[in-house]
Every structure is written in C-alpha cells, then in structure tokens.
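To start, the structure under review is shown below, and the notes come after it.
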Amino acid sequence: MTDCLFCKIVNREIPAALIHEDDQLVAFRDINPQAPTHVLIVPRRHIATLNDLGADADGIVGTIVRRAAAIARDEGFAEAGYRTVFNCNADGGQTVFHIHLHLLGGRPLTWPPG
Ligand code: AMP
Ligand code: ZN
C-alpha cells in the first residue's frame, strides 16, 4: 500500500532500526520505546487491522508470534518475561494501520494497561 508507514519501512523507503527480516516479516525498534526493548514485528504483506485477518493469514500471525519469542530470547529477557500486544482500532490505541506485534521487555510491566 503506497500511503502506509510500515509498508514504506518494509520496502526500505524510509529508514528504521531493523533487527530482523525474512521473506515474510520485518522487525524493527519502535521509534518511541516504552520499555528498554520495544520492537515492532510486521508482516511484509499489508493487512490493516486484526479485523482484516483471513484464514490465509494464520501462518504469518503464528510466524510473527514465534519471532517475538525468538527476539525476546536474543535480547536476554525470555525467562524474566515480556509482553506482546496487537492494538486494534481506536479503542485499542492503534495508530498505524498495518498490523504489528509490539514486543516489550527489559523491565517489569504493570497490568492492566491504561
Ligand atoms: P500502535 O499505536 O499500536 O499502532 O503502534 C504504532 C507504533 O509505531 C508506536 O509505538 C509508534 O511509536 C511506532 N512508530 C511510529 N512511527 C515509527 C517509525 N518511523 N519507526 C518506528 N516506529 C514507529
Ligand atoms: Zn502497510
């Protein structure tokens, strides 16, 4: 999608601090981190919100979640714990309409979120 921030990062049209990429997804550091590690994991394919997921996306969603666990291990906080979040639409706090999994770790996180 031409007017999508995360499509532009996926296509290397705008810079980001990439930490992983493969044929299905890209992971990069959040520009406004809310924890010592705050990474966003996005599919290469544009999907606007969780509400737009079809059964054909089951594979990529599983791959994104497993990549979050792998990055948590690489960053050294897998055993201590971490949080993964998909925000959806206005009440969920979604601001970029290309699905992305937030991975937050490196400090104790409170619950519930605001
Ligand atoms: P959400 O509010 O769930 O849609 O999350 C969007 C996230 O994208 C926020 O945490 C922003 O800080 C982050 N973000 C916005 N622009 C950029 C960018 N250019 N590079 C990296 N992260 C970004
Ligand atoms: Zn997009």
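The values are calculated or read from the model by the stated rules, or taken from the named source; none is laboratory data. Small disclaimer: the values here were computed from a predicted structure and weren't measured. Positions of Cβ are generated from backbone atoms using ideal geometry, with glycine treated the same way; all protein chains shown enter the neighbour counts. These accessible areas exclude ligands, DNA and RNA; they are computed on the full protein's heavy atoms, side chains included. Shrake-Rupley method; radii C 1.70, N 1.55, O 1.52, S 1.80 Å.
Each Lys or Arg adds one and each Asp or Glu subtracts one; over the other residues with Cβ under 11 Å from the Cβ of MET1, this totals +1. Report summary: the helix-based calculation at 222 nm, which adds -39500 (n - 2.57) for every DSSP H run with n ≥ 4 and divides by the residues of the chain, gives -7000 deg cm²/dmol.
Ligands, DNA and RNA left out, the accessible area of the chain computed with a 1.4 Å probe is 51% carbon and sulfur. Mean silhouette area of the stretch 5-105, derived from the convex hull of its C-alpha atoms and averaged over all directions, reads 6.2 nm².
Between ALA57 and VAL85, the contour length at 0.36 nm per residue exceeds the alpha carbon distance by 8.3 nm.
Computed with a 1.4 Å probe over protein heavy atoms only, the accessible surface of the stretch 5-105 comes to 53 Å² per residue.
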